[in-house]
1. Do we have any residue at all in region 166-175 that's within 18 Å of the chain's Cα centre (by Cα), open to solvent by less than 30 Å² (accessible area, probe 1.4 Å) and of a type outside the set (Ser, Thr, Tyr)?
2. Anything in region 267-283 that is in contact with a Ser or Thr (Cβ under 8 Å, 6 or more places away or on another chain) and either assigned to a loop (DSSP other than H, G, I, E, B) or closer than 22 Å to ASP238 by Cα (or both)? List them, or say none.
3. Can you pull out the helices (runs of 4 or more DSSP H) entirely within region 284-368 that have at least 3 residues that are closer than 25 Å to PRO24 by Cβ?
4. Might you check whether a residue that is among the aliphatic types (A, V, I, L, M), closer than 28 Å to THR392 by Cα, in a helix (DSSP H, G or I) and open to solvent by 30 Å² or more (accessible area, probe 1.4 Å) occurs anywhere in region 187-197?
5. Is there a residue in region 245-256 that is over 30 Å from ILE52 (Cα atoms), in contact with a helix residue (DSSP H, G or I) (Cβ under 7 Å, 6 or more places away or on another chain) and of a type in the set (Val, Ile, Thr)?
6. Do we have GLY113 as open to solvent by 30 Å² or more (accessible area, probe 1.4 Å), among the small types (Gly, Ala, Ser) and without any contact (Cβ under 8 Å) to a residue 40 or more places away in the chain here?
7. Within region 51-61, take every residue that is of a type outside the set (Phe, Trp, Tyr), open to solvent by less than 30 Å² (accessible area, probe 1.4 Å) and in contact with a helix residue (DSSP H, G or I) (Cβ under 8 Å, 6 or more places away or on another chain) and give me the one that is farthest from LEU128 (Cα to Cα).
8. Working only within region 121-173, note down all residues that are in contact with a Ser or Thr (Cβ under 7 Å, 6 or more places away or on another chain), under 20 Å from TYR247 (Cβ atoms) and not small (Gly, Ala, Ser).
Amino acid sequence: MTLDPILLSRIQWAWVIGWHILLPAFTVGLASYIAVLEGLFFTTGDAAWYRISRFWTQIFSVSFGMGVVSGIIMPFQFGTNWSRFSDATANILSPMLAYEDLMAFFLEATFLGVLLFGRHLVPRWAHLLAACMVALGTLMSSFWILSVNSWMQTPAGFTFHDGRFFPTDWGAIVFNPSFPYRLAHNVVAFYVTTGFVVLGVGAWLLRRPRFAADGRRILRMAVGFLALFVPLQIALGDMHGLNTAQYQPAKLAAIEGRWESAAPAPLTLWGWPDQQAERTDHALDIPVLGSLILTHSLHGEVRGLKTFPADQRPPVWPVFWSFRVMVGIGLLMLAVVATALALRLRGRLYDSDWFLRLCIWSAPSGFIAVLAGWTTTEVGRQPWTVYGLLRTAHSVSPSLKGSDVLLSFLAYAVVYLMMFPAGLLVMARIVRGGPTETPPGAPVAAMQAAAPIHALSEKA
């Protein structure tokens, strides 16, 4: 059996980034949430905000650590599996990734210790400042990573000589055509993902008499937040779709399972794309709606896949279905939020047991939507690593052997299958413990090395 190093490298990359993206999808939103909680505690002095902030900070510390560990190995793959891609794009991507390290990682590293361990060692304003800086650091990291990814999707501001990209306009590179839409869509997706986790945990705590008061507060806050951000995300998704139609029409055609150009074009709700036969079987179409949504015109043209050479078309089936999973979950999220608002108006938000169970079960929905959206974006970019300019087949390391990739992939699989369940169990244990009753002035045993401090006290 011949092992294809290109296919195995793509599977390995998808495996690593698929697990890793779950962490920033949670920590970016959670860092901002904790900063808000710290601000509420600072301004009101209410001990409930203190308990809730401490509770979520414990969860944040575990997920942040997992995110760092799972993200460290990704740069190594640029050298081992994707050396020709690294060589071709180094003049552009290396400075941007360096800025991500300088502006985001160091900001987080500087203030994370204060956030986790300095609650009783620094003034309240300094702890609030640390929480804000950590939140800003996660957003700066998102800024640079998404700028890099967007440049690979819609490259701009460069010249191409001897197989290498050279920068000519850094403004055009960083703020490339799809970057504003991709940044807004992803950051809000991260916030919504965190919001549904908070909603689910709040509902779980509300059903436990010991934590009911804090659970009610967490749930109310999550519903108010999601009522604003879920509709906003749908609007941003529409804007991102228009941008994709302009700059990546082949990806949009794969999303729609559309083979022939049409004006007006129907919207395909359901179907079974057959790439070999160049058709979508069992399609369920709504006339004209495709043009209305994708071009904002009743007679707008949607290009079909047949207008592109066969070797420049993305894999249709995964793009078609991952997009529908993402949109389907988004609509379910909207239904949950609308139900919450209706129950709130009727005064039944906190005592409707079926709805609290629904909130708990919907907690992981954002992660599934993020993975589906990421699949749509990245598989839809194929067969290119730099869209229209550098093929994936020409990006892999020339000396790479399939057996080597298989071995390293198995090693990554074992490590990730051990690390993520272990981290999830630790976070589940923190959730079961709930917000503690520790008063604001008391030491936090879980965050301080009790034994050495105790020893120093005795020595003094």
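The values are calculated or read from the model by the stated rules, or taken from the named source; none is laboratory data. Bear in mind that the values here come from a model prediction, so they are computed numbers and not experimental data. Cβ: placed from backbone, ideal geometry, glycine included. Neighbour counts: every protein chain shown. Side chains included, ligands, DNA and RNA excluded: accessible areas come from the protein's heavy atoms. Shrake-Rupley method; radii C 1.70, N 1.55, O 1.52, S 1.80 Å.
1. Taking region 166-175 and keeping what is within 18 Å of the chain's Cα centre (by Cα), we get none.
Within region 166-175 (the criterion being within 18 Å of the chain's Cα centre (by Cα), open to solvent by less than 30 Å² (accessible area, probe 1.4 Å) and of a type outside the set (Ser, Thr, Tyr)), the answer is no, since none of the residues qualifies.
2. So the first thing to find is which residues in region 267-283 are in contact with a Ser or Thr (Cβ under 8 Å, 6 or more places away or on another chain), and the list is 268, 271-274, 280, 283.
Selection gives THR268, GLY271.
3. Details: elements: 289-295, 316-345, 353-361.
Fully inside region 284-368 and qualifying: 316-345, 353-361.
4. Residues of region 187-197 among the aliphatic types (A, V, I, L, M): 187-189, 192, 197.
The next check asks that each one be closer than 28 Å to THR392 by Cα; those that pass are 187, 189.
Next cut, in a helix (DSSP H, G or I) only: 187, 189.
Now drop any that are not open to solvent by 30 Å² or more (accessible area, probe 1.4 Å), which leaves none.
Among the residues of region 187-197, not one is among the aliphatic types (A, V, I, L, M), closer than 28 Å to THR392 by Cα, in a helix (DSSP H, G or I) and open to solvent by 30 Å² or more (accessible area, probe 1.4 Å), which makes the answer no.
5. Quick first cut of region 245-256, residues over 30 Å from ILE52 (Cα atoms) only: 245-256.
Narrowing further to those that are in contact with a helix residue (DSSP H, G or I) (Cβ under 7 Å, 6 or more places away or on another chain): 245, 248, 250-256.
When the remaining residues are screened for being of a type in the set (Val, Ile, Thr), the result is 255.
Yes: region 245-256 contains one or more residues that are over 30 Å from ILE52 (Cα atoms), in contact with a helix residue (DSSP H, G or I) (Cβ under 7 Å, 6 or more places away or on another chain) and of a type in the set (Val, Ile, Thr).
6. Working: open to solvent by 30 Å² or more (accessible area, probe 1.4 Å): yes; among the small types (Gly, Ala, Ser): yes; without any contact (Cβ under 8 Å) to a residue 40 or more places away in the chain: yes.
It is true that GLY113 is open to solvent by 30 Å² or more (accessible area, probe 1.4 Å), among the small types (Gly, Ala, Ser) and without any contact (Cβ under 8 Å) to a residue 40 or more places away in the chain.
7. Taking region 51-61 as the starting set, the residues that turn out to be of a type outside the set (Phe, Trp, Tyr) are 51-54, 57-59, 61.
With open to solvent by less than 30 Å² (accessible area, probe 1.4 Å) added as a condition, the list becomes 52-54, 57, 59.
The next check asks that each one be in contact with a helix residue (DSSP H, G or I) (Cβ under 8 Å, 6 or more places away or on another chain); those that pass are 52-53, 57, 59.
On the way: ILE52: 14, SER53: 11, THR57: 12, ILE59: 18 Å.
Looking at the filtered set, the residue picked out is ILE59.
8. Hits for region 121-173 are MET152, GLN153, THR154, PHE158, THR159, PHE165, THR168.
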